[in-house]
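None of the figures in this text is laboratory data; all of them are computed from the coordinates on show. Bear in mind that the values here come from a model prediction, so they are computed numbers and not experimental data. With ideal geometry, Cβ positions are generated from the backbone for all residues, glycine too; neighbour counts draw on all protein chains shown.
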Amino acid sequence: MKNISLVLNAILLVAVGILYFLHFSSKSSSSGSSAITTPSDFQIAYINSDSVLKHYEFVKVNMGKLETKGKKLDQDLQNRAQALQNDITAYQQNYGNMTIGQAKAVEEDLGKKRQNLELYQRGLEQEIMTEQSVMTEELYKKITAYLKEYADEKQLQVVLKYNPGSDLLYGGASIDITNDVITGLNEIYKQDQSTFKVKSKADSIAAKKK
């Protein structure tokens, strides 16, 4: 199913966005004109968003789940479409033996089945898009939350994204924090997964005792 495949491929193009903003304050000069002042210890860094998306375990795991679900839904849709095509073929083969009333009834039934198939396809596409949107929102929250803590620790005022489509045309290696961010995000994700497994096991044991 081409539309669902396009939706899944679009996940790969998810951009992290500008993750942490510094709002400069404007002050009036003695002449009455405004000027933007920058702190002397102003620090800036950037991350390569493509690398983060590629190596962040949260993305890889959830991308895998979406792709697996997409393939299952795609196969189900193909099966339904094939069943409809079989009905159409049978109608065409038996048309000569039908009365006008019988043919009309079959045509109406086939028309309803076609409409139902189209509604089902749109529902699948919307389901995948909704799950993609939820994953993207959760991804953004996880990355921004981590970067805020990282920025506080490293005394950074701004963290920008870098990829071929961004406005950042060049960034020196000394302010590239991509590897640090990937490592930190994966450590947190691993801890979260361990906590989740322990909690799930405890809940399972408690449920058996009831």
15 Å Cα-Cα reach of K104 towards aspartates and glutamates, excluding residues that sit fewer than 8 places from it in its own chain: D87
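Which of the pairs K71/K141; K72/K113; K72/K112; K71/K112; K72/K161; K60/K154 have their Cα atoms more than 32 Å apart in this structure?
Details: K71/K141 28 Å; K72/K113 21 Å; K72/K112 24 Å; K71/K112 26 Å; K72/K161 34 Å; K60/K154 28 Å.
With Cα atoms farther than 32 Å apart: K72/K161.
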The stretch 51-210, dipole about Cα centre (Lys/Arg Cβ +1, Asp/Glu Cβ -1), debye to the nearest 20: 760
Under 15 Å, Cβ to Cβ, from L119 - net charge with Lys/Arg +1 and Asp/Glu -1: +1
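When a footprinting reagent is the concern and you count Cβ atoms within 10 Å, what order do Y56, Y170, Y91 take, fewest first? Please list the in-between numbers first.
Details: Y56 21, Y170 6, Y91 16.
Ordered by Cβ neighbours within 10 Å, fewest first: Y170, Y91, Y56.
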In nm, spacing of pseudo-spin labels at S51 and A90 (7 Å Cα→C-beta vector): 5.9
Under 18 Å from the Q191 label point (7 Å along Cα→beta-carbon), backbone N, the stretch 138-162: 141-154
Potential lengthening between D167 and Q43 on full extension [0.36 nm per residue; Cα-Cα distance subtracted]: 42.8 nm
Under Karplus coefficients 6.51, -1.76 and 1.60, residue-wise ³J(HN,Hα) of the stretch 107-114 in Hz, glycine/proline x: 4, 5, 5, 5, x, 5, 5, 5
Residues listed by number, the stretch 132-158, amide nitrogen under 12 Å from D180 label point at 7 Å toward C-beta: 147-158
